[in-house]
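The values are calculated or read from the model by the stated rules, or taken from the named source; none is laboratory data. Note that the coordinates shown come from a computational prediction; the quantities given were computed from them, not determined experimentally. Because the Cβ atoms are built from the backbone with ideal geometry, glycine has one as well, and the counts that use them run over all protein chains shown. When the accessible area is computed, the model is the full protein with side chains, heavy atoms only, and any ligands, DNA or RNA have been set aside. Shrake-Rupley method; radii C 1.70, N 1.55, O 1.52, S 1.80 Å.
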Amino acid sequence: MGPRRHGWGGKKRHKKTKRPAKKQKTENGKRSLPEKPSETREASQEVLESSSSESEEEISDYQKLMFSIKTSGAGTDDAESSEEEDDDVGDNNKDENEDDNISDDELEEEDEEMDNVNEVKGKVMATKNIEEEEEVIGSDEDEEHFQMKESDPFSIHFENDKEEDLITDLEKKESWKKSNTKVPHIGSASVMTSTHQSKVNSTDRDLKKQYVKSKLCTQVLETNKKQCDVEQDFGDYPLTGFQESLFKIINNYQDLYLPNRTISNGEQIRLVYCLHALNHVLKTRSRVITHNTKLKKRGEDQTDSSEYRDQGLTRPKVLIVLPFREAALRVVKMMTSLLIPKDQKHVIGNRKRFYSEYTELDKDIKKPANKPAEYDEIFSGNIDDHFRVGISVAKNTLKLYTPFYSSDIILASPLGLRTVIGAEGDKERDYDFLNSIELLIFDQADIFLMQNWDHITHLMKHLHLQPSEAHGVDFSRVRMWTVNGWSKFYRQTLMFSSVGAPQINAIFNRHCYNYAGMMMITRPNTSGTICQIVIQLPQTYHKVKTTSYSSAADDRFEFFIKKILPHQKEALKAQTLLFVPSYFDFVRLRNHFVREDLDFSQICEYSSDKNNSRSRSYFFHGNAHFLLYTERAHFFKRFKLRGIRHIVFYELPTYPHYYSELCNMIQDLHSLKEGDTCTCTAMYTPYDAQKLAEVVGTNRTSIMINSSKTTHMFVTGDDT
C-alpha cells in the first residue's frame, strides 16, 4: 500500500503538496475535503454508498422519519444504525488502495472532477439510503416472522409469560418428568420435560419453514461444504442427518448436553450453533426495528405498550464460551460465511485487527512432531486462552470489538470472562452484561477442565444478577419476565464436549432451569479403552469405600497411603509412574513424599521445560523411584515417557484414551531382567462409574460397582 495522499505518514513531497487540500462545494455553501481517487472509490464503492454524509436539508421527509427512529435510543436492543456501522467499516478501510505515484497536477485535476461529481453522487447516496432503510424496516421477511407468533419457536419461547406459581415449580423441579428417547443420527438421550413446556412439533425439513431467516438459508449449503468439509449429496436439505437432528433440538430452545463431540463432527456442530445464534439475533433485531416503527407512527399515544416488550435489561443476547483464540476465529469465519453471500464484498468492522490478533502468532514456530491426531486438532492455530470480543450484527455486516453493552454476541474464554467479572472486593469488576443472556453456548467444554473449571462455576454464579446501572435501558420495552428476575428459566444452554464428566453434569443439572426442557445425550455403550492396550499387562482395580462425593478425595488419599504406597516403595516396584488427574491431589501427594523423604521426580502443568526434561531423564535412568505426573501436563505436552515399569492411576483419567496410551508406554517386556514384572494399579470410587465405563467397558463397570468385592483384576489379551 502506498503512502497517504496528504502526508499522513507517507513520503515527503515538495512544497506544493503542503498546500491546503482543495475543498469541494456543497449545496449549503460549505466546503468539504476532496474525495479519494477514482481507483479507491471503485474499490470501496459498496461501503461508501451505505454511509450517510448528507445534511438534514438533503434528506427527504420519509428519510427524516427513518433517521429519527434509528437515533431515538428507544431501547438498548435497538440495532445500531446502518450509517454508524458502515462509517466504522469505512474508517477501517479508508487507507487501502492508495496510489503511491500521483503528481500535484493530477491531484488538482482530480479535485476539480470531484467538485462536479459530488452533487450528483450525494443524491444517489441519499436514494440508496432510503431504499436500504425500507429494506430493513419494511422487509416482508421481517413482517412474516413478526406475525407468526403461534408457530415460530422464537415467539413461542420468549413471548410466553409464565405465572409466578409455575416459576416456583420450575425452580424446585417438582414438576419435571424424566424419560428416555432415541435421537436419529445422534444416539440415546435422557430428556427432562416440564408440564409447562410449550409444545413445538416440526417435522418439516425446509429451513425456511423452521423459521430460519432467508438470508441464512441461502448460505448454509455452501458453508457446510466449505467450512465443514462435508462431501455428500445433500439433495433438497443443506444439513447432514446429524446436523438436522441437532438443529431440530436446538431450534426448539431446549437445553442440550452433547458429550459426543469428535474431530469429524466438531465443525458440523459449530455450524449448527452459529446458525442458531445468528438466527436468534436477527429475529431479535427484526422485532425491535418493527416495534420502533410502529411506536413512531403512534406518536404520543402510548397507552398500551405491553405488546412492544422485546428486550432485556442489557443488549448482549448470546454468549459463546470457547477455549482458545483459534476456536473464536473459526466461529467468526463460520458466521461470516453464513451471513454474507459469496458474491458480496465482506463488510466486517475491525476485520484486519481481529485476524492479526487471532491467527497463529508465529508461523515459523515448529509444532511438536509425532503427536496424535486429536492433539494436533486441539492445539492448531493460536492457543492463547485469554480473550474476549464483542460482535454486533446488522443486515449483512458483522462489527467486531464492539463494547459489551453494544454487542449482540460475545465470544470469550473462561479466563477472559473471569478477569472482567472479577472477585468479591475487587475495585474494577463488571458482570451486568450477563444479565440478559438468552443463549449460552459452551463448545469443547472438556478443555475447560484442563484449564480452570472454577472460572466456569464463577461465571454461572454471575448470570442474570441485578444490574448495578441502567445502561440506557428503556424499561417500557423490557420483557416482564426479565424485570421479575426469571431470565434463567428462559435461557437456553448448549454444552458440547468430547467426554462425559461429573463436573459438566453438575453445571447442567444445577444451573439449567429452562422451562422448554433439557436433553442429555448419553455416551454409547463401549468395550473400554482397556481393549486398546497392545501388551499383556496385569491390571488391578481397587474400589475405595466412601460415604459422599465431597469426602471421596480424603478417602482416596488415606487408601493410597495405607494400602498402595507401602507395596510400591519396594525395590521391585522401581520406576513407578503415579498418574494424578487433579492438581490439588498432586500437591497433596508431593508434600507427603517430601515429608517421607521418598525418592521421586515430578512433572506438572506449571513445571518449566528444563525441569520436565531433567525429571524425565532421572526417571528413565532409574535415578528416581517415582514420577508424579498430572493429567493436565499430559494434555498440554503429551510426553512420550520412557522407562516405565509400573503405573498407578491415583484416579482414572478424564480422557479415557490416556489410560491405554500410558499403559502402552511400558517398556518392552523382553528387555526386562529375569524375575522383573510390569504392573498397572488403578483406584476408583462408586462416583467414578462414568470414567470407569469408558476404561473397562459398560458391562464390566456394572459388575465392579455393584459387586461386594473390592478388588478386580484383568490381564490384557485374555478373554475377561
Would you mind finding the one in GLU150, GLU119, GLU133 that is under 33 Å from the mean Cα position of the chain (by Cα) and at pLDDT below 50? GLU133
Tell me the helices (runs of 4 or more DSSP H) entirely within region 556-641 that contain at least 1 residues that are of a type outside the set (D, E, K, R), more than 34 Å from the chain's Cα centre (by Cα) and surrounded by fewer than 19 Cβ atoms within 10 Å (Cβ to Cβ). 565-568, 583-595, 609-620
Going through region 341-355 one residue at a time, which ones are open to solvent by 80 Å² or more (accessible area, probe 1.4 Å) and either at pLDDT 90 or above or in contact with a His (Cβ under 9 Å, 6 or more places away or on another chain) (or both)? ARG351, LYS352, ARG353
Taking the conditions exactly as written (at pLDDT below 90 and either of a type in the set (D, E, K, R) or closer than 26 Å to ARG418 by Cα (or both)), does LYS283 satisfy them or not? no
For LEU459, indicate whether it is under 22 Å from GLY266 (Cα atoms), open to solvent by less than 50 Å² (accessible area, probe 1.4 Å) and outside any loop (DSSP other than H, G, I, E, B). no
Which residue, of GLU171, GLU231, is under 25 Å from PRO316 (Cα atoms), open to solvent by 10 Å² or more (accessible area, probe 1.4 Å), more than 23 Å from the chain's Cα centre (by Cα) and at pLDDT below 90? GLU171
Being open to solvent by 20 Å² or more (accessible area, probe 1.4 Å) and either in contact with an Asp or Glu (Cβ under 7 Å, 6 or more places away or on another chain) or in a strand (DSSP E or B) (or both) is the filter here; which residues of region 237-266 pass it? ILE263
List, please: which pairs have Cβ atoms under 7 Å, are six or more places apart or on different chains, and start with a residue in region 200-227 that is on the phi < 0 side of the Ramachandran plot and part of a helix (DSSP H, G or I) and end with one that is modelled with pLDDT under 85 and open to solvent by 90 Å² or more (accessible area, probe 1.4 Å)? GLU222/LYS342
Within region 490-506, can you find the residues that are closer than 16 Å to LEU434 by Cβ and touching a residue at least 60 places away in the same chain (Cβ under 8 Å)? TYR490, GLN492, THR493
Here are ASN591, ASN612: which of them is without any contact (Cβ under 8 Å) to a residue 24 or more places away in the chain and more than 27 Å from SER708 (Cα to Cα)? ASN591
Quick one: count up the residues across region 315-332 that are farther than 15 Å from TYR401 by Cα and part of a helix (DSSP H, G or I). 3
So which residues in region 303-314 are in a loop (DSSP other than H, G, I, E, B) and open to solvent by less than 10 Å² (accessible area, probe 1.4 Å)? ASP310, GLY312, THR314
Please determine, by comparing only the residues of region 497-541 that are in a helix (DSSP H, G or I) and touching a strand residue (DSSP E or B) at 6+ places or on another chain (Cβ under 7 Å), which one is surrounded by the fewest Cβ atoms within 10 Å (Cβ to Cβ). PHE508
Taking the residues in region 679-690 that are in a helix (DSSP H, G or I) and touching a residue at least 60 places away in the same chain (Cβ under 8 Å) as candidates, determine which candidate is most open to solvent (accessible area, probe 1.4 Å). TYR687
Would you check if GLU307 is modelled with pLDDT of 95 or more, out of contact with any Pro (no Cβ under 9 Å at 6 or more places or on another chain) and farther than 26 Å from GLY241 by Cα? no
Of the listed residues (GLU651, GLU694), the one being under 26 Å from MET450 (Cα atoms), charged (D, E, K, R) and not in a loop (DSSP other than H, G, I, E, B) is GLU694
GLN466 passes all but one of (1) in a loop (DSSP other than H, G, I, E, B); (2) touching a Leu at 6+ places or on another chain (Cβ under 8 Å); which number fails? (2)
Does ARG287 meet the test of being part of a helix (DSSP H, G or I), within 16 Å of the chain's Cα centre (by Cα) and touching a residue at least 12 places away in the same chain (Cβ under 8 Å)? no
Within 30 Å of ARG510 (Cα to Cα), at pLDDT 50 or above, open to solvent by 90 Å² or more (accessible area, probe 1.4 Å) and not in a loop (DSSP other than H, G, I, E, B) - does that describe any residue in region 182-198? yes
Condition check for LEU494: in a helix (DSSP H, G or I) and open to solvent by less than 30 Å² (accessible area, probe 1.4 Å): no
Within region 462-478, is there a residue that is closer than 19 Å to PHE158 by Cα, at pLDDT 95 or above and open to solvent by less than 10 Å² (accessible area, probe 1.4 Å)? no
